[in-house]
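Visitor: Pasting a structure below so you can have a look.
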Amino acid sequence: MKTWSEMRAFPLAIRLLLVNQLGVNIGFYLLIPYLATHLGEDLGMSAAVVGIVLGVRNLSQQGLFILGGSAADRLGARGVIIAGCALRTVGFALFALGDGLPVLLAASILSGLAGALFNPAVRAYLAAEAGDRKAEAFALFNIFATTGALVGPLIGSALLLVDFRVSALTAAAIFALLTAAQAAVLPAREVPPSKGGVLGDWREVLANRAFLAFSLAMVGMFTMENQLYLLLPDGARRATGWDGAAGLVFLVGTLANLTLQMRITRSLKERGTRARWVAIGLALMGAAFVPPMAVAGASGTGGGAGRAALALVPVLAGALLLYVGVMIAQPFVMELIPEFGRAELTGTYFGIFYVVSGIAAAVGNTVVGWAMDAGAHGTPWLPWACCLAFGLASAAGVGWLHRLRALPVRAVAVTA
């Protein structure tokens, strides 16, 4: 299989990070999607308290990416990755062992901080190890991440038949194994001595207007990707009247990712510039929301299984287009980020990228949520149209930056 042969062509450190990302997403998605139900139904917490617990976890991660990136630059990515996985082991174990609000808040903070540490550190390590094959490395990274995001909920739903605590302890065990594997196998790399302070590093990155503009242009990508967990599953359920239809969205995407990602990345890397493919990928992601408009507002509660299946086709077609758009754009986005500045600040660039785009994407998701509520009152096409607009706006933003020569302009190297 092409994916495995590509993986074997990379050094051990990268292969371990790929398996690590598979495990990270399995552990995360077997627990977090079911956390709100556990807090509300099993523990009897109010919706407000549930929102606080979930919000603290998200804020701890999104707001502290910059710390994880700086730590990777100054302390070494390896140690930060190991520390992040170890913290998530503790955080997820606390979800199993404690029912009180203080313990749950501590678990949320630790699990969020863990993600803030290892997410930019993993990407910085991967970028440094991959050399001129960053696009292929991040393409493989996307494959393993997508597969984990599919497998995790399946395992989680099975474990919930036993008990939520079993799910939490299983997730903690996965992260414990990942921590041990990285400590034993992941090679340490010498960290060059830092010049100046952390605040100076942040000022240097934030003064890079081209990088900030690019990060803001990626708002559409993150907003549209998040609809794989919100708008598209909701559209599948509404089109068919069957809750299980949401799972087909992830199945279609994962199968496409496994079979197409490496072919797409290798083919496009040999033609044109990265900015071109990022813009095209974003436009395709926006166009992915056009087919579901055909069934927006339709109900699959009547007409039999045949009619429900036909109503589902446009939603699955949209999901497939969205995944293909991500497969086109994301590896080149990840490849571009380190080239905006000094190699010594790769982690900081990734950290600030995720802070800026994450905050902006949260605003985008709020807009989509508002559109879904408004669409329930006679305009069911509205949220789909919003996502189309996000995609086209982001594609236009990248194209504009490319025309201004504000992006790293090195032509993508031809590979043998």
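The values are calculated or read from the model by the stated rules, or taken from the named source; none is laboratory data. Everything numeric here is computed off the predicted structure, so don't read it as measured data. Quick reminder, even Gly has a Cβ in these numbers, built from the backbone with ideal geometry, and neighbours come from all protein chains shown. Side chains are part of the model used for accessible areas, which takes the heavy atoms of the whole protein and leaves out ligands, DNA and RNA. Shrake-Rupley method; radii C 1.70, N 1.55, O 1.52, S 1.80 Å.
Visitor: Being among the aliphatic types (A, V, I, L, M), touching a residue at least 40 places away in the same chain (Cβ under 8 Å) and either under 14 Å from ALA213 (Cα atoms) or assigned to a helix (DSSP H, G or I) (or both) is the requirement here; does ALA360 meet it?
Guide: yes
Visitor: So for region 356-367 (the condition being modelled with pLDDT under 95, surrounded by fewer than 23 Cβ atoms within 10 Å (Cβ to Cβ) and more than 17 Å from the chain's Cα centre (by Cα)), does at least one residue qualify?
Guide: Yes, the conditions are met somewhere in region 356-367.
Visitor: Step by step: first the residues of region 253-284, then only those that are of a type in the set (S, T, N, Q) and free of Cβ contacts under 8 Å to residues at least 24 places away in the same chain, then the one that is surrounded by the fewest Cβ atoms within 10 Å (Cβ to Cβ). Which residue is that?
Guide: By that ranking, first place goes to SER267.
Visitor: Hand me the list of helices (runs of 4 or more DSSP H) wholly inside region 1-93 holding 2 or more residues that are over 23 Å from LEU104 (Cα atoms).
Guide: 2-8, 12-29, 65-75
Visitor: Follow-up question, since we're still on this one. Is it the case that some residue within region 98-116 is open to solvent by 10 Å² or more (accessible area, probe 1.4 Å) and either farther than 24 Å from LEU160 by Cα or under 16 Å from the mean Cα position of the chain (by Cα) (or both)? So that I can check it myself, show each step before the final result.
Guide: Taking region 98-116 first, the residues open to solvent by 10 Å² or more (accessible area, probe 1.4 Å) are 99-103, 105-106, 109-110, 113.
This time we only want the ones that are either farther than 24 Å from LEU160 by Cα or under 16 Å from the mean Cα position of the chain (by Cα) (or both), so: 113.
Within region 98-116, one or more residues are open to solvent by 10 Å² or more (accessible area, probe 1.4 Å) and either farther than 24 Å from LEU160 by Cα or under 16 Å from the mean Cα position of the chain (by Cα) (or both).
Visitor: From the set of residues in region 40-95 that are open to solvent by less than 50 Å² (accessible area, probe 1.4 Å) and of a type in the set (Lys, Arg), which is farthest from VAL122 (Cα to Cα)?
Guide: Restricting to residues being open to solvent by less than 50 Å² (accessible area, probe 1.4 Å) and of a type in the set (Lys, Arg), the top hit is ARG57.
Visitor: Please specify each residue of region 41-70 satisfying the condition of being of a type in the set (A, V, I, L, M), modelled with pLDDT under 85 and within 16 Å of ALA114 (Cβ to Cβ).
Guide: LEU54, LEU59
Visitor: If a residue has to be of a type in the set (Phe, Trp, Tyr) and either touching an Asp or Glu at 6+ places or on another chain (Cβ under 8 Å) or within 17 Å of LEU321 (Cα to Cα) (or both) to count, how many in region 237-257 make the cut? Break it down stepwise before answering.
Guide: Filtering region 237-257 down to residues of a type in the set (Phe, Trp, Tyr) leaves 242, 250.
Filter again for either touching an Asp or Glu at 6+ places or on another chain (Cβ under 8 Å) or within 17 Å of LEU321 (Cα to Cα) (or both), leaving 250.
Going through region 237-257 one residue at a time, the tally reaches 1.
Visitor: Additional query: In region 216-245, what residues are over 15 Å from PRO314 (Cβ atoms) and either more than 17 Å from the chain's Cα centre (by Cα) or among the β-branched types (Val, Ile, Thr) (or both)?
Guide: Answer for region 216-245, where residues must be over 15 Å from PRO314 (Cβ atoms) and either more than 17 Å from the chain's Cα centre (by Cα) or among the β-branched types (Val, Ile, Thr) (or both): VAL219, THR223, GLY241, TRP242, ASP243, GLY244.
Visitor: Do the conditions hold for SER194, that is, is it modelled with pLDDT of 90 or more, closer than 22 Å to ARG342 by Cβ and out of contact with any Pro (no Cβ under 7 Å at 6 or more places or on another chain)?
Guide: No: the conditions fail for SER194.
Visitor: To continue, here is another question. Count, please, the residues in region 19-39 that happen to be open to solvent by 40 Å² or more (accessible area, probe 1.4 Å) and either within 30 Å of PHE138 (Cβ to Cβ) or in contact with a strand residue (DSSP E or B) (Cβ under 6 Å, 6 or more places away or on another chain) (or both).
Guide: 5
Visitor: LEU388: at negative phi, open to solvent by less than 60 Å² (accessible area, probe 1.4 Å) and in a loop (DSSP other than H, G, I, E, B), yes or no?
Guide: Judged against the criteria, LEU388 is not a match.
Visitor: Hey, another quick one. Select from region 334-350 the residues that are of a type outside the set (Gly, Ala, Ser) and surrounded by fewer than 20 Cβ atoms within 10 Å (Cβ to Cβ) and write down the one among them that is nearest to ALA210 (Cα to Cα). Talk me through it step by step, then tell me what you get.
Guide: Applying the first criterion (of a type outside the set (Gly, Ala, Ser)) to region 334-350 yields 334-340, 342, 344-346, 348-350.
If we keep only those that are surrounded by fewer than 20 Cβ atoms within 10 Å (Cβ to Cβ) as well, we get 339, 342, 344.
Values: GLU339: 11, ARG342: 14, GLU344: 18 Å.
Restricting to residues being of a type outside the set (Gly, Ala, Ser) and surrounded by fewer than 20 Cβ atoms within 10 Å (Cβ to Cβ), the top hit is GLU339.
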